[in-house]
Structures are given as C-alpha cells and as structure tokens.
Amino acid sequence: MTATSKYGTLGLNIGLAGITSRVLLAVLYLISIPFAILNSSSLGSLPLFIVFIGVSLAGIAAAYTATYYLLGDRLARWNPWVNTAIFAGPAWSILLWGGIGPLIGLALPAAFSVAMGTYIGISFILQSKMKYGGCEVVAVPILLVKRRYPTYCIPLVAVDAAEKAILDRRTEPLVTPEL
C-alpha cells in the first residue's frame with residue numbers, strides 16, 4: 001500500500017518551508033515599494049503616482065480574478081504547468097519588461113510596475129496564510145472565487161518539492177500484515 005502524504009499535493013499545499021519562503025519574499029517585495037515609489041516620482045506628483053498605483057493594482061487583481069473565474073474547472077483538468085504559464089506568464093513578462101523595456105525605449109509605466117510588485121507581495125502573504133502552494137498571483141482570485149486549482153510558483157516549486165519529498169519520506173507506509 002502507499003503512504004499517506006503529510007504534505008499534501010504539490011501545487012496546492014505548502015509546509016513550513018513553503019510558508020517561510022513566501023513570507024520572506026513578501027517582505028522583500030513589500031519593503032522595496034516605498035523606494036520604488038520615491039525613485040519613480042517627484043514629490044509634487046507623488047499623490048497622483050500613488051493613485052495610478054492603486055488603479056493599476058485594482059486592474060491587475062480584476063484581470064487575474066476574471067481569468068481565474070472564466071477558466072473555472074478547466075484549470076482542474078489541465079496540467080499544473082499549463083495553469084502556471086497562464087497565470088505566471090504575465091507577471092514574469094511585466095517584471096522582465098521592467099528591466100528590458102527601458103533599454104529599447106519601450107518602458108512600462110512605473111506605477112504599473114510598482115503595482116505588479118505590490119500585488120505579488122500581497123499575494124505571497126495571502127498565499128502563506130491560506131497555505132496554498134500554487135502560483136502566488138492567484139491568491140486573490142482564490143479568496144474571491146473560493147476554488148483552488150493546482151499551479152506551481154516559480155521558483156518556489158523547487159522548495160515545495162524538496163519539502164514534500166522530505167515529509168513523504170518520513171511518512172511510514174501503511175502496511176497490512178501478511179498472514
């Protein structure tokens with residue numbers, strides 16, 4: 001017989017290492033926000049810049065929630081890597097574009113980039129609180145839609161997989177004595 005996993009399902013559950021790594025990443029993201037705000041705007045335009053961050057943040061949350069809702073139960077049938085590509089792809093593109101865009105003269109608005117970083121930081125906190133091991137950007141949709149589907153959090157899936165392997169190895173197999 002097989003052992004019952006103490007960990008749960010990769011892409012849905014997290015253990016102590018997963019929670020800790022997500023909280024640490026949340027702190028890194030959220031601690032950088034004031035610096036990004038002050039670096040990206042003059043003091044005279046600061047209130048307007050913060051409004052643009054708020055509007056962008058609401059738009060990002062709405063877009064992820066709508067996508068999550070509209071795809072619905074198909075996400076349960078698809079490979080978790082497909083789900084990851086759908087949800088992590090835009091976040092990675094925005095973060096990468098923030099570094100590449102200015103080099104080619106096509107930068108994203110600074111408020112949008114700060115909003116994306118804020119959304120990811122908040123999502124890491126929610127994800128650790130919910131003990132959800134999937135892609136961090138679907139933490140808000142999970143709270144609103146009340147359904148969980150497996151996705152992987154890049155690069156934290158490696159931490160989760162290692163923790164799962166350790167916990168599963170410690171789990172004693174269910175053995176039926178032979179007569």
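Among the lysines, which fall within straight-line cross-link reach of residue 164, defined as a Cα-Cα distance under 19 Å, with same-chain neighbours fewer than 8 residues apart omitted?
Within reach: 6, 129, 131.
What net charge do the residues around residue 19 carry, taking every other residue with its C-beta under 12 Å from that of residue 19, with Lys and Arg at +1 and Asp and Glu at -1?
Values: positive: 22, 129, 131; negative: 160, 163.
Here the charged neighbours net out to +1.
Output the peptides 59-72, 136-149 sorted from most to least packed, where packing is the average of other Cβ atoms within 10 Å over each peptide's residues. Mind showing how you got there, number by number?
Values: 59-72: 15.4, 136-149: 19.9.
For the peptides 59-72, 136-149, the packing ranking is 136-149, 59-72.
Under the rule a/c < 1.5 gives rounded, and otherwise a/b versus b/c splits prolate from oblate, where does segment 1-141 land using the Cα gyration tensor?
prolate
Mind jotting down the distance between the C-alpha centroids of segment 43-62 and segment 68-126, whole Å?
Result: 17 Å between the Cα centres.
Return one number: the angle in degrees, 0 to 90 and rounded to the nearest 10, between the long axis of the Cα atoms of helix 80-104 and the longest principal axis of the Cα atoms of the chain.
It is inclined by approximately 30 degrees.
In degrees, nearest 10, range 0 to 90: what is the angle between the Cα axis of helix 110-130 and the longest Cα principal axis of the chain?
Its long axis makes an angle of about 20 degrees.
With everything on Cα atoms, drop me the angle between helix 46-71 and the longest principal axis of the chain, reported from 0 to 90° to the nearest 10.
Tilt relative to the chain: about 40 degrees.
First select every other residue whose beta carbon is under 11 angstrom from the beta carbon of residue 152; then total the charges, Lys and Arg +1, Asp and Glu -1. Numbers along the way, then the final one.
Working: positive: none; negative: 136, 160.
Local net charge: -2.
Using a Gaussian network model of the chain whose springs link C-alpha atoms within less than 10 Å, name the residue from 49, 112, 35 with the highest mean-square fluctuation.
Among 49, 112, 35, the largest mean-square fluctuation in the Gaussian network model of the chain belongs to 35.
Say the dipole of the chain comes from +1 at the beta carbon of Lys and Arg and -1 at that of Asp and Glu; which of 144, 154, 92 then lies farthest toward its positive end?
144
Just so you know, all these numbers are worked out from the coordinates, no wet-lab data involved. Quantities reported herein were computed from a predicted structural model and do not represent experimental measurements. Counting neighbours? That spans all protein chains shown, and the Cβs are built from the backbone with ideal geometry, glycine included.
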